[in-house]
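Everything below concerns the one structure shown next.
FYI, it's all coordinate maths here, none of it is from the lab. Source: prediction; values computed, not measured. Heads up, the Cβs are rebuilt from the backbone with ideal geometry, glycines too, and the neighbour counts pull from every protein chain shown.
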Amino acid sequence: MAQYGLLTYQSAQGPRAGISASSKVADAATATGNSDFASVQAILDDWDNAQSSLEAVAEKLASGSIETMDRDSLTLLSPVHWPVSLYCAGANYSDHVAAMAARQGLKQEPDPKESGLNPWHFLKPPRAAVGDKANIHVVSSALDWEIELAAVIGRTARNVSVDDALNYVAGYTIANDLSARDLSRRPGLSDTTPFKWDWIGQKCFDGSCPLGPVIVPASQIVDPMNLPMRLYVNDELKQNSNSGNMIFTIADQIAHISTRMTLHPGDVVLTGTPAGTGAESGTFLKAGDVVRAEIDGLGALTTYIRSIDSNEA
């Protein structure tokens, strides 16, 4: 079976779904002959039936027998444009939790999974999602990076079991959960009040969720819980880990979220970040920085950091 990924590119007619192999891209609706497949969301809504058509196009891409575009010439948007919901796991790598606790002078808590607790998530607005090589404006004096493996839902899931949870994943992509650390606390309130935290300020600004460059189908990923992952700032390695170091697995997370609400095709679950974030060292992003997040088998996601008064969108 030929390898491929799904992406969304900006065309003269607006966002369009593409099928990508190596550096070549075919328009999904044109190549499959199915006008409904003009968007990745529509493909995910029909994921069980769509896969055979996508695989047939991937074979043509591999053989060079189909009209293509050069991926480097395209403007890529968030692979799902826009995600239905963005669920983000907090504190899901033990090394990151330990480093953050040390930085803040807090006592290290017991392992939450071993203690019988559930995964913990917050939400980002769907339109916070941007694509590969997006320009992100510095909205914070403590703008931080977080590489994450993201699971894209392809089947409606409600109250699914851990054993069955991965069957609801259409594919995987790379995420960078950008965070404005200096906006995480509301001013004028005591540090002891539960109303001190500002999750919108910290996590929900424009462009706070780069995704991409493509969605790689789950069938092409042998073991999503064993994927090396690295993040670089200006080619300096900052994060270097493996998805196997999660506290709660991808399946744990999907199963738990599905007990609280229904997961739908087009939902994206960010599964947590390992140690090496800027908050752990007090080093943050500035205008001119280039962030590159890599996960083996999924490619590389690049983000450009720009000044707030930059004209580059």
Is there a quick way to get the dipole size of the chain? I mean about its Cα centre, with the Cβ of Lys and Arg at +1 and of Asp and Glu at -1; what is the value in debye to the nearest 20? 680 debye
Cut-off 10 angstrom, C-alpha nodes, Gaussian network model of the chain. Which of 83, 228, 194 fluctuates the most? 194
Quick one: length gained pulling residue 56 to residue 189 fully straight, 0.36 nm per residue minus the C-alpha distance? 42.0 nm
I'd like the FRET efficiency for residue 11 and residue 259, computed as 1/(1 + (r/R0)^6) with the beta carbon distance as r and R0 of 35 Å, rounded to 0.05. 0.35
Computed [θ] at 222 nm, helices only, for the chain once each DSSP H run of length n ≥ 4 contributes -39500 (n - 2.57): -5000 deg cm²/dmol
Taking the Cα centroid of the range 27-62 and of the range 242-257, what is the distance between the two, rounded to the nearest whole Å? 29 Å
Per-residue HN-Hα couplings for the range 203-219, Karplus 6.51 cos²θ - 1.76 cosθ + 1.60 at θ = phi - 60°, whole Hz, x for Gly and Pro? 10, 10, 6, 4, x, 6, 9, x, 9, x, x, 9, 9, 8, x, 4, 5
Just order 162-173, 16-27 by mean Cβ neighbour count inside 10 Å, highest at the front, would you? 16-27, 162-173
Rough spin-label spacing in nm, given labels placed 7 Å along Cα→Cβ, for residue 70 and residue 304: 1.7 nm
Output the peptides 176-182, 299-305 sorted from most to least packed, where packing is the average of other Cβ atoms within 10 Å over each peptide's residues. 176-182, 299-305
C-alpha long axis of helix 94-104 to longest principal axis of the chain, angle in °: 40 degrees
7 Å from Cα along Cα→Cβ at both residue 290 and residue 311: what's the point-to-point distance in nm? 2.3 nm
Residue among 268, 76, 112 farthest towards the positive dipole end of the chain, charges placed on Cβ: 112
Round to the nearest 0.05 the FRET efficiency obtained for residue 240 and residue 220 when R0 = 22 Å and r is the Cβ-Cβ distance. 0.40
As I understand it, the value is the acute angle between the Cα axis of helix 250-260 and the longest principal axis of the Cα atoms of the chain; what does it come to in degrees, rounded to 10? 80 degrees
In Å³ per residue, the alpha-carbon convex hull of the range 181-313 encloses 163 Å³
Which of (1) 28.9, 115; (2) 19.2, 65; (3) 17.0, 52 is the computed Rg and Dmax of the Cα atoms in Å? It is (2)
Residue-wise HN-Hα coupling along the range 233-247, computed from phi with Karplus coefficients 6.51, -1.76, 1.60 (Hz; x: Gly, Pro): 10, 6, 6, 9, 5, 10, 10, 8, 8, 8, 4, x, 8, 5, 6
Between 282, 225, 128, whose Cα lies farthest towards the positive end of the dipole of the chain when Lys and Arg beta carbons carry +1 and Asp and Glu beta carbons carry -1, centred on the Cα centre? 282
Which angle from 0 to 90°, rounded to the nearest 10, does the C-alpha axis of helix 47-63 make with the longest principal axis of the chain? 70 degrees
Once you place label points 7 Å from the Cα toward the Cβ at residue 98 and residue 199, how far apart are they in nm? 2.7 nm
Value of relative contact order over the range 5-77, rounded to a whole percent, pairs C-alpha under 8 Å and six or more apart: 37 percent
Output for the range 132-188 (equivalent-ellipsoid semi-axes, sqrt of 5λ from the C-alpha gyration tensor, Å, descending) is 32, 16, 9
